Amino acid sequence: MHEFTYYTPTRVVFGKNTEQQTGALVKACKCRKVLIHFGGQSALRSGLVDRIKTSLQAEGLAFVTLGGVVPNPRLSLIREGIELARSEGVDFVLAVGGGSVIDSAKAIAYGAANEGDVWDYYMGKRKPDACLPVGCVVTIAAAGSEMSSSTVVTNEENGFKRSFKTDMARPAFAVMNPELTMSLPPFQTACGCVDILMHTMERYFGHGSNMDITDSIGEGLMRVVMHHAIVLRDDPANYDSRAEVMWAGSLSHNGLTGCGSDGGDWATHMIEHELSGMFDVAHGAGLSAIWGSWARHVLPLRPDRFALFAERVMGVAPAETETITGLRGIEAMERFFRSLRMPTSLKDLHLAPTDAQIAEMAEKALVGKTHIGSVKKLLPPDIIAIFAASR
């Protein structure tokens with residue numbers, strides 16, 4: 001068991017019609033002017049943005065808006081948001097959407113509160129001194145960014161997709177109404193469930209030991225998400241399953257499922273970041289396409305852990321060796337991904353990267369790092385092998 005610090009300052013307001021409390025929650029942060037940041041037209045057509053505006057107006061709060069966030073949020077829009085926030089005197093950034101919107105809002109909050117280029121933080125060139133407070137009205141259960149310290153941004157000029165985290169960017173509050181997720185397309189719901197599972201699995205698989213209680217929480221969370229993902233595949237309007245998945249998304253990425261571990265592996269995420277940075281694939285789909293190849297590549301170093309996962313999460317009967325049990329667990333998870341119509345290879349994503357493109361992604365994954373991963377410290381030949389196996 002490793003030492004750890006568990007810090008989760010986000011106030012969660014969960015349930016039906018909770019978006020009506022947004023104004024009061026912002027006012028409690030002692031802020032006066034809000035940047036409402038959102039994605040596409042659905043937030044407008046559904047009336048959600050108007051309901052939030054009404055809630056802010058009822059508390060005497062001013063606001064400006066900036067829409068247009070896309071999956072794998074773009075640095076160009078973030079820079080636009082920073083200039084808007086500075087020119088309008090914004091002192092609070094409100095994200096209305098899913099992980100991409102929340103990540104974009106966090107980046108704007110960093111940039112508006114500090115001098116210089118916000119991209120420097122993502123490339124490890126310097127650290128911020130401050131961050132505007134951020135709040136969320138969550139419309140997609142997936143990334144868990146509403147309770148995490150992390151933000152991921154894509155620089156479309158050079159194809160780099162990079163993460164950055166400090167506790168300053170943890171949202172002050174997260175408004176979570178499961179009904180807001182019911183209009184999502186099945187593909188987006190499935191991608192979200194994969195992302196939730198992967199946030200837990202990244203922490204579950206590491207180089208060192210875990211805590212029994214943390215293992216149990218992670219294993220239980222994964223089983224619950226898998227069960228309700230199937231329910232939502234067949235019954236997208238099931239409120240109880242929407243609620244279970246939404247809350248699991250927050251718990252999967254607020255640090256709870258990593259307490260006492262070595263921090264987890266995260267190589268699958270780092271590899272997928274390069275994949276979506278180059279080809280702009282949906283994050284959850286990219287993760288499911290890569291994970292099996294990563295798992296088989298590192299299985300020999302932690303057969304005990306993969307066997308535990310197979311038995312406790314996937315319901316696999318113990319085989320004659322831990323390696324065989326672990327392999328069957330990997331195969332069972334891939335079958336689950338396919339049951340959600342999620343890809344388990346690059347071919348399923350309709351991608352056929354060239355050897356040169358794979359080499360470029362492997363090189364980019366290690367910019368500023370000596371290696372990625374903890375189960376096995378992956379170098380370019382390892383990453384290339386994982387990409388090649390995922391074809």
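The values are calculated or read from the model by the stated rules, or taken from the named source; none is laboratory data. Not measured: the values here are computed from a predicted model. Cβ sites come from the backbone with ideal geometry, for glycine too, and all protein chains shown count toward neighbours. All accessible areas refer to the heavy atoms of the entire protein, side chains included, with ligands and DNA or RNA removed. Shrake-Rupley method; radii C 1.70, N 1.55, O 1.52, S 1.80 Å.
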Gain in span if fully extended, residue 320 to residue 391, counting 0.36 nm per residue against the direct Cα distance:
22.6 nm
Expressed in nm to one decimal, what extension gain is obtained for the pair residue 62 and residue 304 from 0.36 nm per residue of sequence separation less their Cα-Cα distance?
81.5 nm
Hey, what do the phi angles of the range 91-104 turn into as Karplus ³J(HN,Hα) couplings, whole Hz, using 6.51/-1.76/1.60 and θ = phi - 60°, x for Gly and Pro?
10, 8, 10, 10, 8, 10, x, x, x, 5, 5, 5, 5, 5
In the full protein assembly as shown, how much of residue 121 is accessible to a 1.4 Å probe, in Å² to the nearest 10?
10 Å²
Computed over the range 329-391, the relative contact order (Cα-Cα under 8 Å, seq sep at least six) in percent reads 33 percent
Cα-derived Rg to Rh of the range 53-94, Kirkwood definition
1.03
FRET efficiency, 1/(1 + (r/R0)^6) with R0 35 Å, evaluated for residue 4 and residue 54 via beta carbons
0.25
Under 8 Å for C-alpha pairs, at least 6 residues apart: give me the relative contact order for the range 100-177, rounded to a whole percent.
35 percent
Charges only on Cβ, +1 for Lys and Arg, -1 for Asp and Glu: so what's the dipole of the range 168-231 about the Cα centre, in debye to the nearest 20?
120 debye
Rank 352, 190, 95 by mean-square fluctuation in a GNM of the chain with C-alpha springs under 10 angstrom and give only the top-ranked residue.
352
With a cut-off of 8 Å between alpha carbons and a minimum separation of six or more residues, what is the relative contact order of the chain in percent?
16 percent
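For residue 45 and residue 166, what is the calculated FRET efficiency with R₀ set at 35 Å and r taken between the beta-carbons, to the nearest 0.05?
0.50
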Under a straight-distance cross-link criterion of Cα-Cα below 23 Å, which lysines are reachable from residue 127, leaving out those fewer than 8 residues away in the same chain?
106, 161, 165, 364, 369
Whole-number D in µm²/s for the range 105-147 (Stokes-Einstein; Kirkwood sum over Cα pairs; 37 °C, 0.692 mPa s)
284 µm²/s
What is the antiparallel percent of DSSP beta bridges lying wholly in the chain, to the nearest 5?
25 percent
Three-way shape label, the range 236-296, alpha-carbon gyration tensor, a/c 1.5:
oblate
Relative to the Cα centre, what is the charge dipole magnitude of the range 137-275, using +1 at the beta carbon of each Lys and Arg, -1 at the beta carbon of each Asp and Glu, and rounding to the nearest 20 debye?
180 debye
Which value at 222 nm does the chain reach when only helices count, each DSSP H run of 4 or more adding -39,500 (n - 2.57), with the total divided by all residues and rounded to the nearest 500 deg cm²/dmol?
-15000 deg cm²/dmol
For residue 28 and residue 115, extending 7 Å from Cα along the Cα-Cβ vector and measuring point to point gives, in nm, a value of 3.6 nm
Enter the angle in degrees (range 0 to 90, nearest 10) between the Cα long axis of helix 212-234 and the first principal axis of the Cα atoms of the chain, meaning the one along which they spread out most.
80 degrees
Helix 283-298 sits at what angle to the longest principal axis of the chain, using alpha carbons and giving 0 to 90 degrees rounded to 10?
30 degrees
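List the equivalent ellipsoid semi-axes of the range 235-391 in whole Å, largest first, each obtained as the square root of 5λ for an eigenvalue λ of the Cα gyration tensor.
Values: eigenvalues 123, 85, 59 Å².
Three semi-axes, in Å: 25, 21, 17.
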How would you order 262-270, 100-108 from highest to lowest mean count of nearby Cβ atoms within 10 Å?
100-108, 262-270
Rounded to one decimal in nm, the spacing of the 7 Å Cα→Cβ label points at residue 88 and residue 234 is 4.6 nm
Any idea what angle helix 322-339 forms with the longest principal axis of the chain, computed on alpha-carbon atoms, 0 to 90 degrees, nearest 10?
50 degrees
What residue among 47, 192, 97 has the largest mean-square fluctuation in a Gaussian network model of the chain, using Cα springs under 10 Å?
47
Search the structure for amide H atoms under 5 Å from the amide H of residue 12, placed 1.01 Å from N in the peptide plane, and list their residues when 5 or more places away or on another chain.
174
So if I restrict to the alpha-carbon atoms in the chain, what is the Rg, and what is Dmax, the biggest pairwise distance, in Å?
20.3, 67
The range 221-328 - convex hull of alpha carbons, volume per residue in Å³
128 Å³
For the range 1-105, what does the alpha-carbon gyration tensor say about shape, rounded, prolate or oblate, given a ≥ b ≥ c as the root eigenvalues, a/c under 1.5 as rounded, and a/b over b/c as prolate?
rounded
For the pair residue 348 and residue 367, the simple spin-label estimate (label points 7 Å beyond Cα toward Cβ) gives in nm 2.9 nm
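At 0.890 mPa s and 25 °C, plugging the Kirkwood radius over alpha-carbon pairs of the range 137-286 into Stokes-Einstein gives what diffusion coefficient in µm²/s?
Estimated diffusion coefficient is 155 µm²/s.
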